[in-house]
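Engineer: Below are the structure tokens for one structure; questions will follow.
The values are calculated or read from the model by the stated rules, or taken from the named source; none is laboratory data. Treat the numbers as computed from the prediction; the structure is a model and nothing was measured. So basically every Cβ, Gly included, is an ideal-geometry build from the backbone, and we count neighbours across all protein chains shown. In case anyone asks, the SASA skips ligands and DNA or RNA and just uses the protein heavy atoms, side chains included. Shrake-Rupley method; radii C 1.70, N 1.55, O 1.52, S 1.80 Å.
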Amino acid sequence: MNFIDNIQKNIREALVNNAVELLDKDPEKNVEKIFSLVRKTIKYPDEKARIDFVYSFYKENEITQKYVQSILRSTDKNCLKKFFTNFFANAVWFGKDQREKLNDEGGQVPLIMLLSPSMRCNLKCTGCYAGNYSKKDDIAREEVDRLVKEARELGIYYIIILGGEPFINEYMLDIYEKYNDVMFTPFSNGTMITEKVADRIKKLGNVIPMLSLEGFEEDTDGRRGKGVFKKVMNVMDMLKERGILFGVSSATTRNNINTVTSDEFIDMLIEKGSKMSWYFLYMPVGENPSVKDMLTPDQRLYLGERTRKLRTEKPYFTLDFFNDAPYVGGCIAGKYFCHINSKEDVEPCIFAHFATCNVKDKPLKEAFKTEYFKELRNRQPYNRNLLLPCMMIDNTQVIREVVEKTGAYPTHPSAARMIEDPEFMYELDKLSEGFKPEAAKAWKEVFDEKGNYDMSKV
């Protein structure tokens, strides 16, 4: 780092520290000052545009103001400061300089890393991609430490912990503590979060749990087991009492879509203290995958319409990875995020079970320089209609071509079916072709030629 860069770094860190002091004193009254300080830390033009967009959205929308104020008012000060410094400052702003360094070596470091230290779970949920695993299938603790360390050195300061059940290995809390400048989000069934664990999460501040719910008691227990819903409700109360930021993850099928997007369900989550919901389309992967459980074309588009509407009507944030794809240029798997499974294969995402690189005995950065990841990045977006982002279910020929060209191997038996099983491939192709006319119509009606969302057309 040269002299000028060092000065700029010190200035940016000082501005962030000033913003953190404002969060510590009276965050609700200091929003304007915090936005002003954030603007001064911006180095890249695209970042400035994003901040200006967020600010204008905040100023012009009463519901958004209510949402932001609820976070500032109800969140523990330590958790709030960690969220600001680790996610916004480290991951989004400062980490970009570190991530850019690999470009010269022909790689691209993602913004987010998904990591599955273990595929073990205390539940047996229907349709889960995690099958039957034992402790010997876990990544060793020392390896998890190494992977997180290398990720941080590359500029990745936001790590999502998956599985299996993230809290099944208690040592992960020590990992979170050791790398206290990184933001961690474990996607959990919630049943292993005790009062003791909740106290530890509050003290750490850099952990935002996402709790899995498929709806109310009937839907959740129907998939996850009797009594799970009530346990999750109790965990929400524990997290809310401690001021811990948390959200909800919902695997969305044709059977529960109306429930998980209903006013009744969202209002319940807001009352319980949740700040956001991530909707994941049920994907035909894992144990006994079924295309019949996937959303119909109408339901899939409805999910997008509904999540956008909820963002403008409720003090709550909803995210739909598929229908929100136009905002990020289509599929971003292998570009802005990746997944390391419990065997240390590096996959483009949690549902794309194919890899060409295993990092058990090699540096993490080598995975981002592989021909497999380069091919994915070069092909993205896979379709001009960004409502058709996925290579697995929307552009099914892509995954087959990429696997053949790069020699990618399936990391799960269900993945092999996508490229080897004629009957299953036919089902996916049929599903894809059935959705394309509806997606074309929706794209024309709601998005302009550049993929910008027109709110006046909702």
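Engineer: Specify the residue that is farthest from Ile193 (Cα to Cα); the eligible residues are those in region 205-237 that are open to solvent by less than 10 Å² (accessible area, probe 1.4 Å) and part of a helix (DSSP H, G or I).
Structural biologist: Among them, the one singled out is Thr220.
Engineer: Being farther than 21 Å from Arg120 by Cα, in contact with a Cys (Cβ under 8 Å, 6 or more places away or on another chain) and among the basic types (Lys, Arg) narrows it down to one residue among Lys202, Lys196; which is it? Before you say what the answer is, go through the steps one by one.
Structural biologist: Working: Lys196 fails: in contact with a Cys (Cβ under 8 Å, 6 or more places away or on another chain).
Checking each option against the conditions leaves just Lys202.
Engineer: Sticking with this one: Could you please find all residues in region 56-82 being under 26 Å from Asp97 (Cβ atoms) and open to solvent by 50 Å² or more (accessible area, probe 1.4 Å)?
Structural biologist: Listed by number, the list holds a single entry, Lys81.
Engineer: If we only count helices (runs of 4 or more DSSP H) wholly inside region 384-446, which ones have 3 or more residues that are in contact with a helix residue (DSSP H, G or I) (Cβ under 9 Å, 6 or more places away or on another chain) and of a type outside the set (A, V, I, L, M)?
Structural biologist: Values: elements: 396-406, 413-420, 422-446.
The helices (runs of 4 or more DSSP H) meeting that bar are 396-406, 422-446.
Residues are listed down the side, and each one gets a yes or a no for (1) within 20 Å of Val92 (Cβ to Cβ); (2) touching a helix residue (DSSP H, G or I) at 6+ places or on another chain (Cβ under 8 Å):
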| residue | (1), (2) |
| --- | --- |
| Thr312 | no, yes |
| Asp320 | no, yes |
| Tyr327 | yes, no |
| Asn341 | no, no |
| Glu347 | no, no |
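Engineer: For region 238-263, give me the residue count where each residue is without any contact (Cβ under 8 Å) to a residue 60 or more places away in the chain, part of a helix (DSSP H, G or I) and in contact with a helix residue (DSSP H, G or I) (Cβ under 7 Å, 6 or more places away or on another chain).
Structural biologist: Adding up the residues that qualify gives 4.
Engineer: Filter region 238-263 down to residues that are within 26 Å of Lys202 (Cβ to Cβ), of a type in the set (D, E, K, R) and more than 22 Å from the chain's Cα centre (by Cα) and give me whichever is surrounded by the most Cβ atoms within 10 Å (Cβ to Cβ).
Structural biologist: Initial filter on region 238-263 (within 26 Å of Lys202 (Cβ to Cβ)): 238-250.
If we keep only those that are of a type in the set (D, E, K, R) as well, we get 240-242.
In the following step, the residues that additionally are more than 22 Å from the chain's Cα centre (by Cα) were identified as 241-242.
Numbers: Glu241: 12, Arg242: 18.
Going through the qualifying residues, I end up with Arg242.
Engineer: List the strands (runs of 3 or more DSSP E) that sit entirely inside region 264-342 and contain at least 3 residues that are surrounded by fewer than 21 Cβ atoms within 10 Å (Cβ to Cβ). Let's see the steps before the verdict.
Structural biologist: Working: elements: 276-281, 317-320, 337-340.
In region 264-342, 276-281 are the strands (runs of 3 or more DSSP E) which contain 3 or more residues that are surrounded by fewer than 21 Cβ atoms within 10 Å (Cβ to Cβ).
Engineer: Looking at Lys136, Lys202, Lys196, which is the one that is in contact with an Asp or Glu (Cβ under 8 Å, 6 or more places away or on another chain), over 28 Å from Gly334 (Cβ atoms) and not in a loop (DSSP other than H, G, I, E, B)? Quick ask: steps written out before the conclusion?
Structural biologist: Working: Lys136 fails: in contact with an Asp or Glu (Cβ under 8 Å, 6 or more places away or on another chain); Lys196 fails: in contact with an Asp or Glu (Cβ under 8 Å, 6 or more places away or on another chain).
Just a single option satisfies the conditions, and that option is Lys202.
Engineer: Considering Asn180, Asn189, Asn169, which residue is among the polar types (S, T, N, Q), open to solvent by 40 Å² or more (accessible area, probe 1.4 Å) and either in contact (Cβ under 8 Å) with a residue 24 or more places away in the chain or more than 28 Å from Leu102 (Cβ to Cβ) (or both)?
Structural biologist: Asn180
Engineer: Hey, could you check region 221-259 for residues that are of a type in the set (A, V, I, L, M) and in contact with a strand residue (DSSP E or B) (Cβ under 6 Å, 6 or more places away or on another chain) and say which is farthest from Arg300 (Cα to Cα)?
Structural biologist: Val232
Engineer: Scan (1) surrounded by 17 or more Cβ atoms within 10 Å (Cβ to Cβ); (2) more than 24 Å from the chain's Cα centre (by Cα); (3) part of a loop (DSSP other than H, G, I, E, B) for the single condition Asp361 breaks and write down its number.
Structural biologist: The number of the failed condition is (1).
Engineer: Given the options Val346, Val291, Val285, name the one that is under 20 Å from Ile399 (Cβ atoms), within 19 Å of the chain's Cα centre (by Cα), at pLDDT below 95 and hydrophobic (A, V, I, L, M, F, W, C).
Structural biologist: Details: Val346 fails: at pLDDT below 95; Val291 fails: within 19 Å of the chain's Cα centre (by Cα).
Exactly one of Val346, Val291, Val285 is under 20 Å from Ile399 (Cβ atoms), within 19 Å of the chain's Cα centre (by Cα), at pLDDT below 95 and hydrophobic (A, V, I, L, M, F, W, C), namely Val285.
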